[in-house]
Amino acid sequence: MVKSSIEINKLSKNYGDSQVIKDITFKLPQEGIYGILGKNGAGKTTLLAMLMGLVTPTSGDINIFGKSLKYKKYEILKDINFQSPYVELPKKMTVLQNLYFYARLYDVKNYELVINNISSELRINELLNKNYGSLSSGQKTRVNLCKSLLNNPKLLLLDEPTASLDISTSEFIRNYIINFQKKNKSTIVITSHDLVEIELMCSYLIILNKGNIFFEGDIKSLIKKNNYRSLKEFFLKND
Amino acid sequence: MINRIFALLIRYQNIAFGSFPRLISIFYWPTVQILFWGFFTNFFMSNENFGVWSTLNIILSAVVLWDVLFRGQLGLTMSFFEELWSRNLPNLFITPLKDFEIVLSLILASFFRTLIGMTPAVFFANYFFNFHLFELGIYLIFLFFNLIIVGWAVGFIVSGLVLRYGHAFEELAWAIIFIILPFSCVYYPLDTLPETLQVLAQMLPTVHIFESMRLLLIENIIHSKDVITILILNIFYTSISILFFLKMIKVARNRGLLFNQGE
């Protein structure tokens, strides 16, 4: 039996009268890159936030690596990390100070060596002594990604990982994430509006629509079964 | 031109009247100033024979100690606000950092900021004005700690309100302790206040702290009853404020506010 990385059971989230996640149930296997897609307001961010314990579900259960997020939250959070272009690091600290700060929060052993290795791999060495606030959006994205890898997460949640990056850097980051996943046998969940990126990186897809699961399954079979040429075509025809 | 000026006036009206804390801030400053200086003048008029230097020494001691409270509160709220301003809350709350660890870190940050901030002020007051705060002896440490604890209590309430209701409440960080200033009897004794206000004021630990300070400086005594009252009130208010702050974190998680805070 394939072990699940994420197991969601009848999960709902209400904000007042508005139900943004509606009684959804799904499982994601361990090891792999999975995509969560949906239009603005579909519930992607809320779902990600609930997976990280940032938002408390109204009802339902979240199990991550077989542990209940409700009861074993801090144990689970040691093995999770997250990156989003919409969430920043303290601006008045240098990149290195920020990375040291987060490495300590995650209790990373030999963190100087770890930071040195990841920052070399992500080519951000020359940014380490700069103030985070002075970086461009693209540089911030790479630094945020570096932060998200500090604890060698078993589950990595990426919100638009290549937003604000130029084509070559996007390509570099995509390949880096794919290699990271293979090397560490981790589970990566990506939300993105870049359908090409999702098609390139993910094997499995969950599409949310107004808080419901509209589609769940293999990307190739979704495209092949319906005779679409790409994921983009699927989205345009089902808009 | 008129249209453009009118547009700006509407914009300023929206800012001022668009949020309750900002609206309150328009009214409370003049009221607080009048109350404070009114009570202060009453005290001076009724104590004309009290030595000027003794009075100034008491006032200077009160200024320094009041600033301990202010620095304590600002040290806590500003440390927390830094996370809000830098849109860093989601990153922070997805680490294994527990809520009570945030509380302890804020308290320690505030303590060290206050200590660092107050050291030069006390030194200059001693050097230039021959002012001897240390005459308060061991009780100075007691008063210092209790004032900084009042600062933490206020700080946790303000931080909780900002987390829950947003940046409109940030103004409270600067203003809230000036609301309690006239009733805290910092620069004048409790009996300067009208009788009804005296009853209410006694619920504030600051009143007992500054009454004790004056008693120490004038008569070199301190009542154990005051010490106990200060401790009980501080334990009560600080516990309530920390529970309130923790509750606001929980509410923020329920309402998805941790993801949407920022400049």
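The values are calculated or read from the model by the stated rules, or taken from the named source; none is laboratory data. Small disclaimer: the values here were computed from a predicted structure and weren't measured. When we count neighbours, we look across all protein chains shown, and the Cβ atoms used for this are built from the backbone with ideal geometry, even at glycine.
Identify, please: which residue in the stretch A:140-171 is among the charged types (D, E, K, R) and in contact (Cβ under 8 Å) with a residue 12 or more places away in the chain and is, among those, nearest to residue A:184 (Cα to Cα)?
Filtering the stretch A:140-171 for residues among the charged types (D, E, K, R) gives A:140, A:142, A:147, A:154, A:159-160, A:166, A:171.
Keeping just the survivors that are in contact (Cβ under 8 Å) with a residue 12 or more places away in the chain gives A:140, A:142, A:147, A:154, A:159-160, A:166.
Details: A:140: 24, A:142: 19, A:147: 16, A:154: 8, A:159: 20, A:160: 21, A:166: 26 Å.
Ranking the qualifying residues of the stretch A:140-171, first place goes to A:154.
Could you tell me whether residue A:135 is within 14 Å of another protein chain (Cβ to nearest Cβ) and at pLDDT 95 or above? Steps first, answer last, please.
Working: within 14 Å of another protein chain (Cβ to nearest Cβ): yes; at pLDDT 95 or above: no.
It is false that residue A:135 is within 14 Å of another protein chain (Cβ to nearest Cβ) and at pLDDT 95 or above.
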Among the residues of the stretch A:123-132, write down those that are buried (at least 18 other Cβ atoms within 10 Å of the Cβ) and away from every other protein chain (no Cβ under 13 Å). A:124, A:127
Starting from the stretch A:198-226, keep only residues that are polar (S, T, N, Q), then list their pairs with residues that are surrounded by 15 or more Cβ atoms within 10 Å (Cβ to Cβ) whose Cβ atoms are within a distance under 7 Å, requiring at least 6 positions of separation or different chains. A:203/A:32; A:203/A:33; A:203/A:219; A:209/A:38; A:209/A:42; A:212/A:22; A:212/A:24; A:226/A:234
For the stretch B:79-101, check the following and say yes or no: at least one residue is closer than 23 Å to residue B:168 by Cα, within 14 Å of chain A (Cβ to nearest Cβ), basic (Lys, Arg) and buried (at least 17 other Cβ atoms within 10 Å of the Cβ). yes
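Looking at A:55, A:20, can you tell me which residue is in a strand (DSSP E or B) and not aromatic (Phe, Trp, Tyr)? Talk me through it step by step, then tell me what you get.
Details: A:55 fails: in a strand (DSSP E or B).
Of A:55, A:20, the one residue that is in a strand (DSSP E or B) and not aromatic (Phe, Trp, Tyr) is A:20.
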In the set B:154, B:158, the lone residue that is at pLDDT 85 or above and more than 16 Å from residue B:85 (Cα to Cα) is B:154
Is there any pair linking a residue in the stretch B:1-18 that is surrounded by 10 or more Cβ atoms within 10 Å (Cβ to Cβ) to one that is assigned to a helix (DSSP H, G or I), with Cβ under 8 Å and at least six apart or on different chains, and which? B:15/B:22; B:16/B:22; B:16/B:23; B:16/B:26; B:17/B:23; B:18/B:168
Here is a check on your reading of the model: is residue A:18 within 13 Å of chain B (Cβ to nearest Cβ), polar (S, T, N, Q) and surrounded by fewer than 22 Cβ atoms within 10 Å (Cβ to Cβ)? yes
Tell me, yes or no, whether the stretch B:242-255 has at least one residue that is more than 30 Å from residue A:91 (Cβ to Cβ) and either at pLDDT 95 or above or part of a helix (DSSP H, G or I) (or both). yes
By residue number, the members of the stretch A:86-132 that are of a type in the set (Gly, Ala, Ser) and either in contact with an Asp or Glu (Cβ under 8 Å, 6 or more places away or on another chain) or within 19 Å of residue A:161 (Cα to Cα) (or both) are A:119, A:120
For residue B:237, which of the numbered conditions (1) crowded, with 19+ Cβ neighbours inside 10 Å; (2) at pLDDT 95 or above; (3) within 14 Å of chain A (Cβ to nearest Cβ) fails to hold? (3)
Report, by residue number, each residue of the stretch A:61-85 that is surrounded by fewer than 17 Cβ atoms within 10 Å (Cβ to Cβ) and more than 9 Å from chain B (Cβ to nearest Cβ). A:61, A:66, A:67, A:68, A:70, A:71, A:72
Cβ-Cβ distance below 8 Å, separation of 6 or more or different chains: which pairs start in the stretch B:138-159 with a residue that is farther than 13 Å from residue B:204 by Cβ and end on one that is outside any helix (DSSP H, G or I)? B:139/B:222
Can you find a residue that is over 30 Å from residue B:81 (Cβ atoms), free of Cβ contacts under 8 Å to residues at least 60 places away in the same chain, away from chain B (no Cβ under 12 Å) and not acidic (Asp, Glu) anywhere in the stretch A:31-49? no
Run residue A:149 past the list (1) away from chain B (no Cβ under 13 Å); (2) over 20 Å from the mean Cα position of the chain (by Cα) and report the number of the one that doesn't hold. (2)
Residue A:13 fails exactly one of (1) modelled with pLDDT under 90; (2) within 14 Å of chain B (Cβ to nearest Cβ), namely (1)
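Does residue B:105 satisfy the condition of being small (Gly, Ala, Ser), assigned to a helix (DSSP H, G or I) and away from chain A (no Cβ under 12 Å)? Break it down into steps so the answer makes sense when it comes.
Details: small (Gly, Ala, Ser): yes; assigned to a helix (DSSP H, G or I): yes; away from chain A (no Cβ under 12 Å): no.
Here the answer is no, as residue B:105 does not meet what is asked.
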Name every residue in the stretch B:168-204 that is in a helix (DSSP H, G or I) and either of a type in the set (S, T, N, Q) or farther than 18 Å from residue B:74 by Cβ (or both), in order of residue number. B:168, B:190, B:191, B:192, B:195, B:196, B:197, B:198, B:199, B:200, B:201
Specify the residue that is nearest to the other protein chains (Cβ to nearest Cβ); the eligible residues are those in the stretch A:103-121 that are over 18 Å from residue A:77 (Cα atoms) and of a type in the set (D, E, K, R). A:112
Whether any residue in the stretch B:225-237 is assigned to a helix (DSSP H, G or I), under 21 Å from residue B:77 (Cβ atoms) and of a type in the set (Phe, Trp, Tyr) is what I want to check. yes
